[in-house]
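We did not get these values from a lab; they are worked out from the coordinates using the rules stated. Since we're looking at a predicted model, the values are computed, not measured. Every residue, glycine as well, gets a Cβ built from its backbone with ideal geometry; the counts of neighbours run over all protein chains shown.
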Amino acid sequence: MKAIRIHEFGQSEDVLKYEEVAVPEPKAGEVLIKVEAASLNRADLGLRKGTYRIAADALPVIPGREFAGTVAKLGDGVSDYRIGDRVVGYPSLGGYAEYALAKVSEVRPVPDGVTAAQAAALPTASLTAWFGLKTDGALKAGEWLLIQGGSSGVGVAAIQIAKHWGAKVIATSGSEVKCRRLRQLGADVTIDVSENDFLAEVMRVTDNRGVDVVLEMIGGEVYQKSLQALAPGGRLFSIGGAFGALPDPPPTLTEGRKATRFSITNYLKTKPDDYRELDQILKLVAEKKFDVGIGKTFPLAETRAAQKYLEGRDHFGKVMLSV
Ligand SMILES: NC(=O)c1ccc[n+]([C@@H]2O[C@H](COP(=O)([O-])OP(=O)(O)OC[C@H]3O[C@@H](n4cnc5c(N)ncnc54)[C@H](OP(=O)(O)O)[C@@H]3O)[C@@H](O)[C@H]2O)c1
């Protein structure tokens, strides 16, 4: 089969090699999936550079946290799926390939009305938004949520999940064109940070009270100023600092405000059964109540160009591979 492999870490996408490799064999409790679509994530860029969860002695690896397609082969003891079933897998590696493995616990069925690309785009982005907002954010109907980086894969999901739960959403982006699309997805207020100071805008919109929850993913000065946007009792949870440093541990705040860090990988490690909640999001997609927000799709052979595109600032929502 064709796959993208990394044999050595590197800053440039040149380390991504498009090569012929053997189709993997499912072990007991695993399924082999014929991949139709795979999703790119910012974590893939860290993996390529050697800063995300993989040690050099584990190379070569096939990146690709999540993918969707059809079940091609069953490992021993697998009775939940049959060959030909449409599924989405979230095993954290292996997706940039024509075939990939996942444990049964990392697989969910894809309902009618949801394409492979839509399903593959969901796990990381939508479950990060879903569980981050539910646990660390403890977001309730009627509350104000500020999303930094609204046009990111996670941001697009968070806007729609928060609106579905009855919250009020302020989302930031670096351009007015993207802000317009965020409002179409349901954001009540958008802030073009290339033109406006987000803190002043948040305070104006909330009558100087601040927001109840901040979903932060930028880091640096944006993180620091976002703390000032919290109302008393407000919760800021950070999912990463792709563009600036994060204080470690998160700072202690006054008047009941809290700052935490959330990781979907760590969350699902402690609560693997919660992966099943992806079914609720898949159902919303099937009912056309959730726009997956696929920005651009590249063929597998052009994964280098896809990663380069993700690393820039032109994309909106998810960047995908078609296989
Ligand atoms: N902790 C977790 O479990 C978890 C899970 C998923 C993702 N993440 C993290 O969450 C973040 C978003 O992930 P993603 O895959 O959804 O990202 P993404 O789609 O690549 O989006 C990142 C967004 O950040 C904004 N941006 C780009 N360069 C920037 C800069 N220099 N300064 C400020 N903003 C900039 C861009 O929006 P505009 O151009 O519109 O401003 C871009 O759309 C990443 O940091 C990722 O590592 C964490």
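What whole-number value in cubic angstrom gives the convex hull volume per residue for the C-alpha atoms of the chain?
It comes to 125 Å³ per residue, whole-number rounded.
If each residue of separation counts as 0.36 nm, what is the full-extension length gain between Ala242 and Thr70 once their alpha-carbon separation is subtracted?
58.6 nm
With charges set only on the Cβ (+1 for Lys and Arg, -1 for Asp and Glu), what does the dipole of the chain come to about its Cα centre, in debye to the nearest 20?
With only Lys, Arg, Asp and Glu charged at Cβ, the dipole is about 360 debye.
Name the long-range amide H neighbours of Gly234: under 5 Å, sequence gap of 5 or more, or other chain; modelled H, no Pro or chain starts.
The answer is Arg257, Lys258.
Figure the gain on full extension for Ser194 and Glu302 (residue separation times 0.36 nm, minus the Cα-Cα span) and round it to one decimal in nm.
Contour length minus the Cα-Cα distance gives 35.8 nm.
Report the charge-dipole magnitude of region 125-266 in Debye, nearest 20, computed about the Cα centre from +1 at each Lys and Arg Cβ and -1 at each Asp and Glu Cβ.
400 debye
What do you get when you divide the Cα radius of gyration of region 177-323 by 2.2 N^0.38 Å, with N the number of residues?
1.21
Specify the residue with the greatest mean-square fluctuation among Glu216, Glu255, Glu201, computed from a Gaussian network of the chain linking alpha-carbon atoms under 10 Å apart.
Residue with maximal mean-square fluctuation among Glu216, Glu255, Glu201: Glu255.
Cut-off 10 angstrom, C-alpha nodes, Gaussian network model of the chain. Which of Lys308, Lys258, Lys103 fluctuates the most?
Lys308
Could you list Glu30, Glu66, Glu13, Glu221 so that the one with the fewest beta carbons within 10 Å of its beta carbon is first and the one with the most is last?
Going from sparsest to densest Cβ surroundings: Glu221, Glu13, Glu30, Glu66.
For region 147-190, what does the convex hull of the Cα positions come to per residue, in cubic angstrom?
50 Å³
Determine ³J(HN,Hα), in whole Hz, for all residues of region 266-283 in sequence, where each value follows from phi through the Karplus function 6.51 cos²θ - 1.76 cosθ + 1.60 and θ = phi - 60°; x replaces Gly and Pro.
Ordered by residue, 3J(HN,Hα) equals 5, 4, 6, 5, 7, 10, x, 5, 5, 4, 4, 5, 4, 4, 5, 6, 4, 5 Hz.
Within 10 Å of each residue's Cβ, count the other Cβ atoms and sort Phe243, Phe290 from fewest upward.
In order of increasing Cβ crowding within 10 Å: Phe243, Phe290.
Taking 25 Å as R0, compute the FRET efficiency from the Cβ-Cβ separation of Glu287 and Asn266 and round it to 0.05.
Calculated transfer efficiency: 0.25.
Could you tell me the calculated FRET efficiency between Thr115 and Gln224, based on Cβ-Cβ distance and R0 = 30 angstrom, to the nearest 0.05?
Approximately 0.15, to the nearest 0.05.
How long are the three semi-axes of the equivalent ellipsoid of region 1-92, in whole Å, if each is the root of 5 times an eigenvalue of the C-alpha gyration tensor, listed from largest down?
26, 13, 13
Amide H to amide H under 5 Å from Tyr52: which residues, 5+ apart in sequence or cross-chain, H placed 1.01 Å off N in plane?
Residues meeting the amide H criterion: Leu47.
Of Thr128, Thr303, Trp144, whose Cα points farthest to the positive end of the dipole of the chain (charges on the beta-carbon: +1 Lys, Arg; -1 Asp, Glu; origin at the Cα centre)?
Result: Trp144.
Separation between the Val177 and Glu277 pseudo-spin-labels, each 7 Å from Cα along Cα→Cβ, expressed in nm?
3.5 nm
Which ordering of Tyr267, Tyr223, Tyr96 is given by a fewest-first count of other beta-carbon atoms within 10 Å?
Tyr267, Tyr223, Tyr96
For the pair Arg204 and His7, how long in nm is the line joining their label points, each one 7 Å along Cα→Cβ?
Label-label distance for Arg204 and His7, simple model: 5.6 nm.
Mind listing the long-range amide H neighbours of Val35? Cut-off is under 5 Å, sequence gap 5 or more, other chains count too, H placed in the peptide plane at 1.01 Å from N.
Here Tyr99, Ala100 satisfy the definition.
Which order do peptides 173-184, 310-321 fall in by mean Cβ count within 10 Å, highest first?
310-321, 173-184
Give me the number: length gained by fully extending Thr252 to Lys140, i.e. 0.36 nm times residue separation minus the C-alpha to C-alpha distance, one decimal in nm.
Full extension from Thr252 to Lys140 adds 38.0 nm.
Out of Pro91, Pro247, Pro109, any idea which swings most in a Gaussian network model of the chain, alpha carbons joined below 10 Å?
The residue with the greatest mean-square fluctuation here is Pro247.
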